[in-house]
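Below you'll find the structure, written out as structure tokens, and then a few comments.
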Amino acid sequence: MIRAVVFDLDNTLVDFMAMKRQAVDAAITAMIDAGMDLTFAQVKGHIDRIYNEQGIEYQRVFDQLLQDTLGRVDHKILAAGIIAYRRAREAALKPYPHATATLMTLVKKNIKLAVVSDAPTPEAWLRLCYIGFHHFFDTVVTFDDTKERKPSPKPFLTALERLGVEPHDALMVGDWAERDMVGAKNVGMQTAFAGYGDSFGNQTVNADFILTDISDVLNIIEKQNMSGLA
């Protein structure tokens, strides 16, 4: 029986990478318009290097960019970049097709729901609230809750403990095979790879199920739970 579904957030519920690209591109254009004397490609390359070094959730990327390239933080350029980034992010941050309907159906079926994300707590909740998903989940576990990132067992076990569900009764849905699938499988959860959100394209996937659409979760649960009643 599947009594709970645990979702990764980025590239599983929302297309995070598409949002990030659009927001960064908008910020670069705005900073150049505000007086940054570099080409778009130069700024883009430097931002990519900062994210590679500091992680994609790094919150002071534009500050570091300006410090590295100008030797100081020009607050006019910084403000232009931040405002453009936020506006583009809000316009681009959307759930995947059928995600809302899938979550609503799971709630109606009394399936417990959780999010396990490596994002910081404020960022995770901002994304969930912006797309209107914050009421769907019984618990949200972020890096700040456990101080460990997937595939560490701690985030998964924390979510299961909060849900009051045994690992074998829970399904993990995520797009990163090495973190989401391996971590969940190691604690005894069932696993479903979100192929529709795979931003790598070259992963070695070892999962119980492969999803081409988030709504495939509903068919998996129906088949599993019907067989469990037989």
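Overview of results
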item: Breaking point among (1) surrounded by 14 or more Cβ atoms within 10 Å (Cβ to Cβ); (2) in contact with a helix residue (DSSP H, G or I) (Cβ under 9 Å, 6 or more places away or on another chain), for Thr212; result: (1)
item: Among the residues listed as Asp138, Asp145, the single one being out of contact with any Leu (no Cβ under 8 Å at 6 or more places or on another chain) and at pLDDT 95 or above; result: Asp145
item: Matching entry among Tyr96, Tyr130 (being in contact (Cβ under 8 Å) with a residue 24 or more places away in the chain, open to solvent by 40 Å² or more (accessible area, probe 1.4 Å), in contact with an Asp or Glu (Cβ under 9 Å, 6 or more places away or on another chain) and hydroxyl-bearing (Ser, Thr, Tyr)); result: Tyr130
item: All positions within region 85-111 that are part of a loop (DSSP other than H, G, I, E, B) and at pLDDT below 95; result: Leu93, Lys94
item: Single unsatisfied condition, Asp144 versus (1) part of a loop (DSSP other than H, G, I, E, B); (2) in contact (Cβ under 8 Å) with a residue 24 or more places away in the chain; result: (1)
item: Residue check, Ala30 in contact (Cβ under 8 Å) with a residue 24 or more places away in the chain and of a type in the set (Gly, Ala, Ser); result: yes
item: The lone exception for Lys112 - which of (1) in contact with an Asp or Glu (Cβ under 6 Å, 6 or more places away or on another chain); (2) of a type outside the set (Phe, Trp, Tyr); (3) within 14 Å of Asn11 (Cβ to Cβ) it fails; result: (3)
item: Set Ala114, Ala184, Ala159: member being outside any helix (DSSP H, G or I), among the small types (Gly, Ala, Ser) and surrounded by 21 or more Cβ atoms within 10 Å (Cβ to Cβ); result: Ala114
item: Flag if Ile50 is among the β-branched types (Val, Ile, Thr) and out of contact with any helix residue (DSSP H, G or I) (no Cβ under 6 Å at 6 or more places or on another chain); result: no
item: Phe193 in contact (Cβ under 8 Å) with a residue 12 or more places away in the chain, part of a loop (DSSP other than H, G, I, E, B) and not small (Gly, Ala, Ser); result: no
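The values are calculated or read from the model by the stated rules, or taken from the named source; none is laboratory data. This is a predicted model, so every value here is computed, not measured. Glycine also receives a Cβ, built like all others from the backbone with ideal geometry; neighbour counts cover every protein chain displayed. The accessibility values were calculated without ligands, DNA or RNA, using every heavy atom of the protein model including side chains. Shrake-Rupley method; radii C 1.70, N 1.55, O 1.52, S 1.80 Å.
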